[in-house]
Every structure is written in structure tokens, then in C-alpha cells.
Amino acid sequence: MSNYQENIKYLIQRPKTPVIKPPIHRSMFNNSIRREFQLNKRCHQTMGYAEVKVNEPSEFLKKKSRKVIRPFVEKTKTSDKNPVQCLRYPNKPSPKKKISRNFLHKNVVDVVRKAPPLPKHRVQDSRNGHIIVLDEAGLEPLYVLKKDFGKLPFYIEKIYKKNETIRQEEIERIRAIKPPLRRLPEEERYVLLTGLKINWAELHKQFLLLPMLTDSVTKINRKTNLENQLKSLEKDIDLLEKYPNLYVCDEDL
């Protein structure tokens, strides 16, 4: 059953009330503007159109037919003769000559001799005319074509040499340490490696027996401590397995 109840008053269509629009705003200068527009509408009828002489079809515009008027540049001549020098002060250095330069003439000559710019490498990637300049967008292999491409920079070579000298000095300092270092024998290395693996297995067993939920500070600290010990043992085991020749010092330096 719908919420809408049948009633006879809903069957009779009610007439729509007409919408009364407000009056349109009209400017007080409307008539004067319209009168002025009508007066100036055909103002050129009495004078007529301008008479312009049209070229014949045989006199079409050709290449290099226009006269290009170059700017007038006044030529200045500099005198080559030196003025008479006074010999009153023979040790005094002669003053430097001031060279007069005509910058206007120089600019005109530079513009005339200047080579035209090369066209840019452009690509149109859409039908609406969007253009991408390859050099500016980084799509042109400019860096690969450089002379020093693929070569090690000078400042990095300098850093390498400096580090190498520091390394040699450190090696010489270690060799000069007393008492001297002794090589770890294979049997002692095997005993150390076996003991470290046994300790790691015991700590790993304790780590696996930890509760799944670490909801207290004590549990978190215990878990963190076991993880640090396991990482330290794994580092020592990796060192012994990776380097068979190790040197140790029995006495404290």
C-alpha cells in the first residue's frame, strides 16, 4: 500500500498562474543614441571610396623587387698621426690613447654578418597542433655526443688518489703496531665458528619460544635484545666464513 491516498481533488487540473515579468529597463539615452547611429550610418556616400591604382596581372610581386632602405651610417676616419710629445718629462710614461669606437656602425655590421639561426627540431604530437621542441624537452641525445661523455671527471680521480694515499698510510700504520698480529689457524677458526653457530641455535630457539603477542614493555625489551644478539652472531659467522685468512692480536693495545 503506497503512502499516496486517492482523492478526487487531485484529478481536477488547476489552472497555472501566469508569471508577470517586471518591465524591461530602458536607458534615458536610448533615443539620442539611436538618432546618432542613423546619422553616421551612411556618412561616406557623398565622398565615395578612395581611388587606389591596382597593378596589372603582369606586374605581380616578385622576389627581391622591393627596395630595402638601409640605415645611414656616417663613416668616421681616425687620424694615424701622433701628436707632438713634450720632452719636458722624459721618464714620464706616455698616456694611453683613447680609441674612439662607433658602436652604431659596429652593430649594423654585426647584424649584416650574423648567420641566420638554425631551425629547432620540433615534433607535432597532436592533431590540434601541439608542438614539442626536442632539445628543450630532453628528447634529443645532446649529452651523449659530448667529448667527455663516459670519462671519469678530474675531481673524482683526485678524490680516488687521496683515498688511496690515506688507505696506504692506514695499512702502514697497522703494520707498524706492536705487538704484531698473528694469523688465525684453521683449527681455532673452526672451533670459533662451531661455537658461534651453537650459540646462534640456542638464541634462535629462545626467540621462537617467545609469545606471539608483545603487549608489555618487558616482552618488547626481551624480543629486541634477542634480535640484536642474533644479528651480532650472524655478522661474526659471516665474517669467519667469508674470510679464511684472519689476523688477530692476543694483547690489548
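The values are calculated or read from the model by the stated rules, or taken from the named source; none is laboratory data. The model shown is predicted, which means the values in this text are computed figures rather than measured ones. Only protein heavy atoms, including side chains, enter the accessible area calculation; ligands, DNA and RNA are left aside. Shrake-Rupley method; radii C 1.70, N 1.55, O 1.52, S 1.80 Å.
Students often forget the sequence filter, so: which lysines lie under 28 Å Cα-Cα from residue 97 once same-chain residues fewer than 8 apart are removed?
75, 77, 81, 106
Roughly how much of residue 100 is accessible, in Å² to the nearest 10, using a 1.4 Å probe?
90 Å²
What are the residues whose amide H is under 5 Å from the amide H of residue 121, where those residues sit 5 or more places off or on another chain and H is modelled from the backbone?
The list, which skips near neighbours in sequence, is 134, 135.
Computing the accessible area with a 1.4 Å probe over protein heavy atoms, can you report the carbon and sulfur percentage for segment 104-253?
About 58 percent, which is the carbon plus sulfur part of the accessible surface.
Give the shape of segment 154-238 as rounded, prolate or oblate, defined through the alpha-carbon gyration tensor: a ≥ b ≥ c are the square roots of its eigenvalues, a/c under 1.5 means rounded, and otherwise the shape is prolate if a/b is larger than b/c and oblate if not.
Numbers: a/c = 3.73, a/b = 1.78, b/c = 2.10.
Oblate is the answer for segment 154-238, as a/c is 1.5 or above yet b/c matches or exceeds a/b.
Heavy atoms only, 1.4 Å probe, whole protein assembly: order 108, 133, 68 by accessible area, highest first.
68, 108, 133
Run the numbers on segment 110-253 and let me know its relative contact order in percent, using alpha-carbon pairs under 8 Å that are six or more apart.
Answer for segment 110-253 is 24 percent.
Which lysines, on any chain, are close to residue 223 with Cα under 16 Å apart, when same-chain ones fewer than 8 places away are left out?
List returned: 205, 231.
Filter 120/146; 114/146; 63/114; 62/120; 151/242; 64/120 down to the pairs with a C-alpha to C-alpha distance above 31 Å, please.
From 120/146; 114/146; 63/114; 62/120; 151/242; 64/120, over 31 Å: 151/242.
Counting only protein chains, not ligands or nucleic acids, how are 188, 6, 169 ordered by accessible area (probe 1.4 Å), most first?
Ranking 188, 6, 169 by accessible area, largest first, yields 6, 169, 188.
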